[in-house]
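Participant: Take a look at this one; I'll ask things after.
No lab work stands behind these numbers, since they all come straight from the coordinates. Values in this document were obtained by computation on a predicted structure and should not be read as measured data. Cβ atoms come from the backbone with ideal geometry, glycine included; neighbour counts cover every protein chain shown.
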């Protein structure tokens, strides 16, 4: 199996999550939402941003970061942060493996101790020095579609 998973750890902005639902539905990636969420799943802004793609996306909820990490123990994980030393183009996705792309919440990103313990699996998206970060939905789209491009856009038309 060769499945791409997008993981949002404690997302705060419903419009970002809604847009990521749409990206996952369009790309075939599975979405994992790690609680606590900064909004209600029935939030109208979330639903509007995701349009009618919620039914087309496979969404799994996890009760916290530790629970998620336990649920996917042994899985291939890639953590994304502006603090990472390596750029995302160095990320390898071997044939026949699932890959979990883990993104932190909009205000603070992923926990520093998680990144420190996973420096070899942490990646960043290059940008100019004056910019603090990309929008979460934009960052997810950049990484998801680049990885799919490298695989020849499997299952997409």
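Participant: Hey, any idea what Rg/Rh is for segment 70-157, computing Rh the Kirkwood way over Cα pairs?
Facilitator: On the way: Rg = 13.3 Å, Rh = 13.9 Å.
Looking at segment 70-157, the ratio lands at 0.96.
Participant: Residue 53 to residue 73: FRET efficiency via 1/(1 + (r/R0)^6), r the Cβ-Cβ distance, R0 22 Å, to the nearest 0.05? Mind showing how you got there, number by number?
Facilitator: Values: r = 30 Å, r/R0 = 1.35.
Calculated transfer efficiency: 0.15.
Participant: Find the relative contact order for the chain and round it to a whole percent, using C-alpha pairs within less than 8 Å whose residues are 6+ positions apart.
Facilitator: Computed value for the chain: 29 percent relative contact order.
Participant: Where in segment 124-144 does the amide nitrogen come within less than 19 Å of the point 7 Å from the Cα of residue 85, taken along Cα to Cβ?
Facilitator: 124-127
Participant: Separate question: Given N residues in segment 4-150, what is its alpha carbon radius of gyration divided by 2.2 N^0.38 Å?
Facilitator: Values: Rg = 14.3 Å, N = 147, 2.2 N^0.38 = 14.7 Å.
Dividing the Cα Rg of segment 4-150 by 2.2 N^0.38 Å gives 0.98.
Participant: While we're on this one: Would any residue of segment 68-103 have its amide N under 15 Å from a label point 7 Å out along Cα→Cβ of residue 3? List them or say none.
Facilitator: So the set is 71-77, 96-101.
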